[in-house]
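> Sharing a structure here in structure tokens format.
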Amino acid sequence: MVEVRDQLRGTDVYSMRSTMLALNNALPDEKKPEAAKLYKKFWQQVEALDLACVKKEQALATKKIGRAHV
């Protein structure tokens, strides 16, 4: 789980965001609104995956802490 989260926060992701924005800006004006919507939807899904990774890690840590006190 940590590896996935690390990759989601790595420099490749920032490069991917920049590239996607550059491609969107190179589109004809009539296609830009749809591209912006798709960009936003894609990154919301990536951010949701990142959040799921964080929550899973926190649940695992909480579970381990609970066992340590027993």
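> Need one number: nm distance between label points at E30 and L51, each 7 Å from Cα along Cα→Cβ, rounded to one decimal.
Placing both labels 7 Å beyond Cα along the Cβ direction yields 3.6 nm.
> Let me ask something additional. Percent of Cα-Cα pairs per 10 Å bin, from 0 to the last occupied bin, for segment 2-46, please list those.
P(r) for segment 2-46, in whole percents per bin: 26, 47, 21, 6, 0.
Coordinate-derived values only; no laboratory data. Computed from a predicted model, the values in this text were never measured in an experiment. Cβ atoms come from the backbone with ideal geometry, glycine included; neighbour counts cover every protein chain shown.
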